[in-house]
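**Q** Before we start, here is the structure in question, set down as structure tokens.
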Amino acid sequence: MAIPRPKKGSTIILEAVADEETWIWHAFFGIPGSLNDINVVNRSPLMNKIANGELSPVQFVANGRTYNYGYYLADGIYPKWQTFVKPLKKPNGKKNLDFHNAQAAARKDVERAFGILQAQFAIVRGPARFWDQKMLWYI
């Protein structure tokens with residue numbers, strides 16, 4: 001998930017994996033001014049590990065079926081990989097609506113983790129357009 005920013009000026013894009021306790025397991029900051037969401041995905045160390053099958057093994061059972069890979073809640077910009085679970089556009093029926101609501105609750109956990117980051121680090125909170133590009137690269 002990327003933090004939305006104003007359209008003008010330099011920005012910092014953040015990709016993060018967080019759990020319900022707001023523990024951030026992975027964070028990747030895109031280079032200011034040169035990346036959009038797609039470029040962040042293409043340069044992300046986590047996405048590269050997923051694409052190359054280099055992640056630690058994870059096994060879980062859902063609906064009586066055993067899965068041998070982890071999964072990530074993702075928005076629409078991520079590729080259609082089996083490890084990404086995207087929101088349903090128009091959930092219909094109790095099962096789909098329950099899934100949609102559970103995923104929305106989990107996505108709110110990630111948004112809460114972003115809020116904590118923004119409260120702790122001003123550079124993540126606001127636009128970076130007043131910062132020098134070299135300074136942003138260093139940060």
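**Q** Could you run through the range 62-84 and say how many residues are loosely packed, with under 15 Cβ neighbours inside 10 Å and free of Cβ contacts under 8 Å to residues at least 40 places away in the same chain?
**A** 15
**Q** Across the range 19-61, what is the number of residues that are open to solvent by 60 Å² or more (accessible area, probe 1.4 Å), of a type in the set (Val, Ile, Thr) and modelled with pLDDT under 75?
**A** Residues that pass the stated criteria total 1.
**Q** Take residue 112 and decide whether it is open to solvent by less than 70 Å² (accessible area, probe 1.4 Å) and assigned to a helix (DSSP H, G or I).
**A** In short, no.
**Q** Let me ask something else. Starting from the range 85-96, take each residue that is assigned to a loop (DSSP other than H, G, I, E, B) and list its partners that are open to solvent by less than 100 Å² (accessible area, probe 1.4 Å) and modelled with pLDDT of 90 or more, counting only C-beta distances under 7 angstrom and pairs at least six apart or across chains.
**A** Pairs that qualify, where the first residue is assigned to a loop (DSSP other than H, G, I, E, B) and the partner is open to solvent by less than 100 Å² (accessible area, probe 1.4 Å) and modelled with pLDDT of 90 or more, are 88/96; 91/97.
**Q** Across the range 115-125, which residue is least open to solvent (accessible area, probe 1.4 Å) among those that are within 19 Å of residue 23 (Cβ to Cβ) and in a helix (DSSP H, G or I)?
**A** Among those residues, the one meeting the criterion is 124.
The values are calculated or read from the model by the stated rules, or taken from the named source; none is laboratory data. Keep in mind that this is a model prediction, so the values were computed, not measured. Cβ atoms come from the backbone with ideal geometry, glycine included; neighbour counts cover every protein chain shown. We work out accessible area using only protein heavy atoms, side chains counted, and drop any ligands, DNA or RNA first. Shrake-Rupley method; radii C 1.70, N 1.55, O 1.52, S 1.80 Å.
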